[in-house]
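Asks: One structure, pasted below without further comment.
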Amino acid sequence: MAMNWHAQRNAIAHVLRVAGNVAPEIEARWVTEFVSGAKGGEWIAISTTLVSDEQRQRCDAIVARRVLGEPLQYALGEWSFRDFDVAVDARVLIPRPETEWVVEVGLREAQRVDLREAQRVDLREAQRVDLREAQRVDLRGAQRVDLREAHVADLGTGSGVIAIALAAALPDATVWAVDRSADALVVARANAATNGATRVRTLLGDWFDAFPSTMHNSFSLIVSNPPYISEGEFSLLESEVRDHEPIGALVSGPSGLEAIEALLRGAPRWLLPSAALVCEIAPHQDGAAIEIGLATGAYESVVVYNDLAGRPRVLVARGVAA
(Lines give C-alpha, C1' and ligand atoms only; values in the text may rest on other atoms or scores of the structure.)
Protein backbone atom coordinates (compact mmCIF):
# COMPACT_ATOMS: atom_id res chain seq x y z
CA MET A 1 0.00 0.00 0.00
CA ALA A 2 1.37 3.40 -1.00
CA MET A 3 2.04 5.91 1.77
CA ASN A 4 3.11 9.53 1.88
CA TRP A 5 6.44 10.76 3.19
CA HIS A 6 5.07 11.64 6.61
CA ALA A 7 3.80 8.09 7.07
CA GLN A 8 7.04 6.69 5.65
CA ARG A 9 9.05 8.58 8.25
CA ASN A 10 6.84 7.28 11.05
CA ALA A 11 7.12 3.72 9.75
CA ILE A 12 10.92 3.92 9.64
CA ALA A 13 11.04 5.33 13.17
CA HIS A 14 8.91 2.43 14.38
CA VAL A 15 11.20 -0.19 12.80
CA LEU A 16 14.29 1.46 14.27
CA ARG A 17 12.68 1.81 17.69
CA VAL A 18 11.78 -1.88 17.79
CA ALA A 19 15.38 -2.69 16.78
CA GLY A 20 16.64 -0.78 19.82
CA ASN A 21 17.89 2.32 18.04
CA VAL A 22 18.55 5.12 20.52
CA ALA A 23 17.38 7.95 18.23
CA PRO A 24 14.77 6.46 15.89
CA GLU A 25 12.94 9.70 15.08
CA ILE A 26 16.14 11.56 14.27
CA GLU A 27 17.47 8.77 12.07
CA ALA A 28 14.11 8.38 10.33
CA ARG A 29 14.33 12.05 9.46
CA TRP A 30 17.84 11.59 8.05
CA VAL A 31 16.75 8.64 5.92
CA THR A 32 13.64 10.28 4.50
CA GLU A 33 15.39 13.58 3.82
CA PHE A 34 18.23 11.75 2.09
CA VAL A 35 16.02 9.61 -0.14
CA SER A 36 13.47 12.33 -0.91
CA GLY A 37 16.12 15.03 -1.36
CA ALA A 38 13.91 17.44 0.60
CA LYS A 39 14.97 19.20 3.79
CA GLY A 40 13.59 21.96 6.00
CA GLY A 41 10.79 23.86 4.28
CA GLU A 42 11.07 21.56 1.27
CA TRP A 43 10.17 18.61 3.49
CA ILE A 44 6.96 20.28 4.65
CA ALA A 45 5.97 20.79 1.03
CA ILE A 46 6.46 17.12 0.08
CA SER A 47 5.42 15.40 3.33
CA THR A 48 1.97 14.52 1.97
CA THR A 49 3.35 13.39 -1.40
CA LEU A 50 3.21 9.67 -2.11
CA VAL A 51 6.48 7.73 -1.92
CA SER A 52 7.35 5.92 -5.14
CA ASP A 53 8.16 2.21 -5.16
CA GLU A 54 11.80 2.98 -5.94
CA GLN A 55 12.05 5.46 -3.07
CA ARG A 56 10.42 3.03 -0.66
CA GLN A 57 12.89 0.32 -1.69
CA ARG A 58 15.80 2.69 -1.11
CA CYS A 59 14.47 3.53 2.35
CA ASP A 60 14.00 -0.16 3.15
CA ALA A 61 17.56 -0.99 2.07
CA ILE A 62 19.05 1.74 4.25
CA VAL A 63 16.94 0.77 7.25
CA ALA A 64 17.83 -2.90 6.85
CA ARG A 65 21.54 -2.06 7.02
CA ARG A 66 20.93 0.14 10.03
CA VAL A 67 19.00 -2.59 11.87
CA LEU A 68 22.00 -4.88 11.39
CA GLY A 69 24.15 -2.34 13.21
CA GLU A 70 25.89 -0.61 10.33
CA PRO A 71 26.50 3.10 11.02
CA LEU A 72 23.89 5.40 9.55
CA GLN A 73 26.55 7.30 7.59
CA TYR A 74 27.68 4.14 5.80
CA ALA A 75 24.11 3.04 5.17
CA LEU A 76 23.37 6.40 3.56
CA GLY A 77 26.68 6.37 1.72
CA GLU A 78 27.45 10.01 2.41
CA TRP A 79 27.73 12.56 5.19
CA SER A 80 28.17 16.30 5.66
CA PHE A 81 31.33 18.02 6.85
CA ARG A 82 31.31 21.77 7.33
CA ASP A 83 29.47 23.03 4.24
CA PHE A 84 29.90 20.11 1.85
CA ASP A 85 28.93 16.46 1.45
CA VAL A 86 31.27 13.52 0.97
CA ALA A 87 30.90 9.83 0.18
CA VAL A 88 31.78 7.55 3.09
CA ASP A 89 32.02 3.79 3.42
CA ALA A 90 33.92 1.20 5.43
CA ARG A 91 37.21 2.21 3.77
CA VAL A 92 37.32 5.49 5.72
CA LEU A 93 36.40 6.95 9.09
CA ILE A 94 33.09 8.74 9.44
CA PRO A 95 33.66 12.54 9.59
CA ARG A 96 32.86 13.90 13.05
CA PRO A 97 32.16 17.38 14.47
CA GLU A 98 35.38 17.29 16.50
CA THR A 99 37.37 17.20 13.28
CA GLU A 100 35.51 20.25 11.99
CA TRP A 101 37.00 22.09 14.95
CA VAL A 102 40.46 20.80 13.99
CA VAL A 103 39.98 22.50 10.62
CA GLU A 104 38.93 25.75 12.29
CA VAL A 105 42.05 25.76 14.47
CA GLY A 106 44.15 24.91 11.42
CA LEU A 107 42.75 27.89 9.54
CA ARG A 108 43.63 30.17 12.45
CA GLU A 109 47.20 28.92 12.21
CA ALA A 110 47.17 29.48 8.45
CA GLN A 111 46.05 33.05 9.03
CA ARG A 112 48.85 33.52 11.58
CA VAL A 113 51.46 32.71 8.92
CA ASP A 114 49.69 34.96 6.40
CA LEU A 115 48.01 32.38 4.19
CA ARG A 116 45.12 34.19 2.52
CA GLU A 117 41.65 32.85 3.29
CA ALA A 118 38.91 32.72 0.68
CA GLN A 119 35.39 33.90 1.27
CA ARG A 120 33.39 30.99 2.69
CA VAL A 121 31.39 29.29 -0.06
CA ASP A 122 28.99 26.39 -0.06
CA LEU A 123 30.88 23.66 -1.88
CA ARG A 124 27.65 21.86 -2.63
CA GLU A 125 26.98 24.70 -5.08
CA ALA A 126 30.53 24.74 -6.45
CA GLN A 127 31.44 23.58 -9.93
CA ARG A 128 31.71 19.82 -10.10
CA VAL A 129 34.75 18.18 -11.64
CA ASP A 130 34.70 14.96 -13.61
CA LEU A 131 36.39 12.16 -11.65
CA ARG A 132 38.53 11.26 -14.65
CA GLU A 133 40.00 14.76 -14.54
CA ALA A 134 40.80 14.38 -10.85
CA GLN A 135 42.56 11.13 -11.57
CA ARG A 136 44.54 12.77 -14.36
CA VAL A 137 45.92 15.52 -12.13
CA ASP A 138 46.45 13.23 -9.15
CA LEU A 139 50.14 12.88 -8.32
CA ARG A 140 51.38 9.48 -7.17
CA GLY A 141 54.69 11.19 -6.40
CA ALA A 142 55.59 14.79 -5.63
CA GLN A 143 58.60 15.22 -7.88
CA ARG A 144 57.24 18.12 -9.92
CA VAL A 145 56.62 20.57 -7.09
CA ASP A 146 56.77 24.34 -7.41
CA LEU A 147 58.17 25.36 -4.03
CA ARG A 148 57.24 28.98 -4.72
CA GLU A 149 53.63 28.00 -4.04
CA ALA A 150 52.14 27.66 -0.58
CA HIS A 151 51.88 24.04 0.54
CA VAL A 152 49.59 22.52 3.17
CA ALA A 153 49.39 18.86 4.19
CA ASP A 154 46.58 16.67 5.51
CA LEU A 155 48.22 13.53 6.85
CA GLY A 156 46.01 10.45 7.22
CA THR A 157 43.40 12.06 5.00
CA GLY A 158 40.85 9.19 4.93
CA SER A 159 37.75 10.51 3.18
CA GLY A 160 39.60 13.73 2.36
CA VAL A 161 37.37 16.07 4.36
CA ILE A 162 40.19 18.01 6.01
CA ALA A 163 42.05 18.46 2.73
CA ILE A 164 38.91 19.57 0.88
CA ALA A 165 37.98 22.05 3.61
CA LEU A 166 41.49 23.51 3.68
CA ALA A 167 41.61 23.82 -0.10
CA ALA A 168 38.27 25.63 -0.13
CA ALA A 169 39.43 28.11 2.50
CA LEU A 170 43.03 28.67 1.32
CA PRO A 171 42.97 29.68 -2.36
CA ASP A 172 46.73 30.18 -2.60
CA ALA A 173 47.70 26.74 -1.28
CA THR A 174 48.18 23.32 -2.80
CA VAL A 175 46.88 20.77 -0.31
CA TRP A 176 48.61 17.39 -0.15
CA ALA A 177 46.29 14.63 1.09
CA VAL A 178 48.35 11.69 2.32
CA ASP A 179 47.22 8.24 3.43
CA ARG A 180 48.87 4.85 3.71
CA SER A 181 45.63 3.19 2.56
CA ALA A 182 45.20 3.04 -1.20
CA ASP A 183 41.50 2.28 -0.65
CA ALA A 184 41.07 5.43 1.41
CA LEU A 185 42.74 7.51 -1.29
CA VAL A 186 40.21 6.25 -3.84
CA VAL A 187 37.48 7.71 -1.64
CA ALA A 188 39.38 10.94 -0.97
CA ARG A 189 40.09 11.43 -4.68
CA ALA A 190 36.46 10.96 -5.61
CA ASN A 191 35.31 13.35 -2.88
CA ALA A 192 37.79 16.00 -3.99
CA ALA A 193 36.50 15.66 -7.55
CA THR A 194 32.86 15.81 -6.55
CA ASN A 195 33.46 18.98 -4.57
CA GLY A 196 35.58 20.73 -7.16
CA ALA A 197 38.72 20.67 -4.96
CA THR A 198 41.18 20.79 -7.85
CA ARG A 199 44.09 21.92 -5.66
CA VAL A 200 44.01 18.74 -3.57
CA ARG A 201 46.75 16.29 -4.53
CA THR A 202 46.67 12.75 -3.12
CA LEU A 203 49.78 10.82 -2.16
CA LEU A 204 50.14 7.23 -0.99
CA GLY A 205 52.51 6.82 1.92
CA ASP A 206 53.03 6.57 5.66
CA TRP A 207 53.03 10.09 7.11
CA PHE A 208 56.03 12.08 5.85
CA ASP A 209 57.45 9.16 3.87
CA ALA A 210 55.06 10.15 1.07
CA PHE A 211 57.06 13.32 0.34
CA PRO A 212 60.41 13.68 -1.46
CA SER A 213 63.25 15.32 0.45
CA THR A 214 62.98 18.31 -1.89
CA MET A 215 59.91 19.36 0.11
CA HIS A 216 61.77 19.73 3.41
CA ASN A 217 60.85 23.03 5.14
CA SER A 218 58.17 23.88 2.59
CA PHE A 219 54.84 23.47 4.41
CA SER A 220 52.93 26.43 5.78
CA LEU A 221 50.62 24.13 7.74
CA ILE A 222 50.32 20.43 8.53
CA VAL A 223 47.00 19.08 9.81
CA SER A 224 46.12 15.55 10.86
CA ASN A 225 43.40 13.47 12.45
CA PRO A 226 45.59 10.44 13.20
CA PRO A 227 44.62 7.18 14.89
CA TYR A 228 44.81 7.81 18.65
CA ILE A 229 42.96 4.88 20.22
CA SER A 230 45.09 2.44 22.21
CA GLU A 231 44.89 -1.30 21.64
CA GLY A 232 43.33 -1.71 25.08
CA GLU A 233 40.68 0.93 24.41
CA PHE A 234 39.57 -0.60 21.13
CA SER A 235 37.40 -3.29 22.73
CA LEU A 236 35.60 -0.58 24.74
CA LEU A 237 34.42 1.31 21.67
CA GLU A 238 30.76 1.19 20.65
CA SER A 239 30.05 -1.74 18.37
CA GLU A 240 29.09 0.57 15.50
CA VAL A 241 32.62 1.96 15.53
CA ARG A 242 34.52 -1.19 16.53
CA ASP A 243 32.82 -3.50 14.05
CA HIS A 244 32.58 -1.24 11.02
CA GLU A 245 35.13 1.59 10.87
CA PRO A 246 38.68 0.80 9.67
CA ILE A 247 40.81 -0.28 12.62
CA GLY A 248 43.96 1.14 11.06
CA ALA A 249 42.46 4.62 11.16
CA LEU A 250 41.39 4.19 14.79
CA VAL A 251 44.12 2.30 16.66
CA SER A 252 47.60 3.73 16.92
CA GLY A 253 49.28 1.08 19.05
CA PRO A 254 49.68 -0.02 22.68
CA SER A 255 49.60 3.52 24.10
CA GLY A 256 47.46 5.34 21.54
CA LEU A 257 50.16 8.01 21.25
CA GLU A 258 52.33 6.34 18.61
CA ALA A 259 50.97 8.27 15.61
CA ILE A 260 50.87 11.55 17.51
CA GLU A 261 54.52 11.09 18.51
CA ALA A 262 55.52 10.26 14.92
CA LEU A 263 53.86 13.46 13.71
CA LEU A 264 55.41 15.63 16.42
CA ARG A 265 58.90 14.24 15.83
CA GLY A 266 58.65 14.30 12.06
CA ALA A 267 56.95 17.62 11.36
CA PRO A 268 59.80 20.06 12.16
CA ARG A 269 61.82 18.88 9.17
CA TRP A 270 58.92 19.70 6.83
CA LEU A 271 57.48 22.89 8.30
CA LEU A 272 58.49 26.41 7.35
CA PRO A 273 59.76 28.59 10.23
CA SER A 274 56.90 29.53 12.61
CA ALA A 275 54.47 27.18 10.81
CA ALA A 276 52.40 24.73 12.85
CA LEU A 277 51.36 21.12 13.15
CA VAL A 278 47.68 20.89 14.10
CA CYS A 279 46.62 17.47 15.32
CA GLU A 280 43.45 15.94 16.75
CA ILE A 281 43.95 14.03 20.00
CA ALA A 282 41.83 12.28 22.61
CA PRO A 283 40.97 14.50 25.59
CA HIS A 284 42.96 12.40 28.06
CA GLN A 285 46.12 12.64 25.92
CA ASP A 286 46.70 16.39 26.27
CA GLY A 287 49.40 16.28 28.93
CA ALA A 288 51.35 13.43 27.36
CA ALA A 289 51.12 14.92 23.88
CA ILE A 290 52.41 18.29 25.09
CA GLU A 291 55.31 16.57 26.85
CA ILE A 292 56.25 14.68 23.68
CA GLY A 293 56.18 17.87 21.62
CA LEU A 294 58.26 19.90 24.09
CA ALA A 295 60.76 17.05 24.44
CA THR A 296 61.66 17.37 20.75
CA GLY A 297 63.08 20.84 21.40
CA ALA A 298 61.92 21.81 17.93
CA TYR A 299 58.85 23.93 18.72
CA GLU A 300 58.37 27.46 19.97
CA SER A 301 55.22 26.34 21.78
CA VAL A 302 53.02 23.27 22.17
CA VAL A 303 49.46 23.85 23.35
CA VAL A 304 46.11 22.05 23.33
CA TYR A 305 42.82 23.79 22.59
CA ASN A 306 39.44 22.60 23.84
CA ASP A 307 36.70 21.60 21.43
CA LEU A 308 33.22 23.14 21.51
CA ALA A 309 32.23 20.72 24.27
CA GLY A 310 35.07 22.00 26.45
CA ARG A 311 37.28 18.90 26.09
CA PRO A 312 41.01 19.05 25.20
CA ARG A 313 41.00 18.14 21.52
CA VAL A 314 43.37 20.01 19.21
CA LEU A 315 47.15 19.98 19.65
CA VAL A 316 49.02 22.89 18.07
CA ALA A 317 52.81 22.72 17.86
CA ARG A 318 54.31 25.94 16.45
CA GLY A 319 57.74 25.91 14.90
CA VAL A 320 60.57 28.22 15.85
CA ALA A 321 60.73 31.53 13.98
CA ALA A 322 63.53 32.04 11.48
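Asks: Using protein chains only and a probe of 1.4 angstrom, how many square angstrom of Glu231 are accessible, to the nearest 10?
Replies: About 110 Å², rounded to the nearest 10.
Asks: Also, I was wondering about something else. Got a number for the accessible area of Arg29? Probe 1.4 Å, square angstrom, nearest 10.
Replies: About 90 Å², ignoring ligands and nucleic acids.
Asks: Amide H neighbours of Ser301 under 5 Å, at least 5 residues apart or on other chains, H built in the peptide plane: list them.
Replies: Here Arg318 satisfy the definition.
Asks: Oh, and also: What number comes out for accessible area per residue over segment 225-322 if the probe is 1.4 Å? Units Å², please.
Replies: It amounts to 45 Å² per residue over segment 225-322.
Asks: Now a separate question. Can you list the HN-Hα couplings for segment 230-244, worked out from phi with the Karplus curve (6.51, -1.76, 1.60; θ = phi - 60°), rounded to whole Hz and with x for Gly and Pro?
Replies: 7, 4, x, 7, 4, 5, 8, 5, 4, 4, 4, 7, 4, 8, 10
Asks: Compute the distance in nm between two label points, each set 7 Å from the Cα along the Cα-to-Cβ direction, one at Ala23 and one at Phe234.
Replies: In this crude label model, Ala23 to Phe234 measures out at 2.7 nm.
Asks: Find the accessible area per residue for segment 1-83; the probe is 1.4 Å, ligands and nucleic acids are left out, and the unit is Å².
Replies: With all protein chains present, segment 1-83 gives 54 Å² per residue.
Asks: Can you give me the % of accessible surface on segment 179-322 that is carbon or sulfur? Probe 1.4 Å, all protein chains present, nothing else counted. Don't skip to the answer; put the middle values down first.
Replies: Details: 3150 of 5990 Å².
In segment 179-322, the share of accessible area belonging to carbon and sulfur is 53 percent.
Asks: With the cut-off at 1.5 for a/c, could you classify segment 34-91 from its C-alpha gyration tensor as rounded, prolate or oblate?
Replies: oblate
Asks: Only helices at least 27 Å long along their axis, Cα-based, and averaging -0.5 or more on Kyte-Doolittle count here, so list those DSSP H runs from the chain. Spell out each step's value before the answer.
Replies: Numbers: long enough: none.
For the chain, where a helix must reach 27 Å along its axis and average at least -0.5, there are no hits.
Asks: Mind running the shape call on segment 185-322? Use the C-alpha gyration tensor, a ≥ b ≥ c as the square roots of the eigenvalues: rounded below 1.5 for a/c, prolate if a/b tops b/c, oblate otherwise.
Replies: Working: a/c = 1.74, a/b = 1.10, b/c = 1.58.
Oblate, since a/c reaches 1.5 and b/c is not below a/b.
Asks: Sticking with this structure for a sec: Given points 7 Å out from each Cα along the Cα-Cβ axis, report the Arg269 to Thr214 separation in nanometres with one decimal.
Replies: Label at Arg269, label at Thr214, 1.8 nm between them.
Asks: Under 1.5 on a/c is rounded, so check that first for the chain, then, if it is not, pick prolate when a/b is larger than b/c and oblate when it is not; a ≥ b ≥ c are the square roots of the alpha carbon gyration tensor eigenvalues.
Replies: On the way: a/c = 2.21, a/b = 1.65, b/c = 1.34.
Prolate, since a/c reaches 1.5 and a/b exceeds b/c.
The values are calculated or read from the model by the stated rules, or taken from the named source; none is laboratory data. Predicted model, so just to flag it, every value in this text is computed and none were measured. FYI the Cβ positions are ideal-geometry reconstructions off the backbone, even for glycines, and counts take in every protein chain you see. Quick note on the areas: whole protein, heavy atoms, side chains included, nothing else; ligands and nucleic acids left out. Shrake-Rupley method; radii C 1.70, N 1.55, O 1.52, S 1.80 Å.
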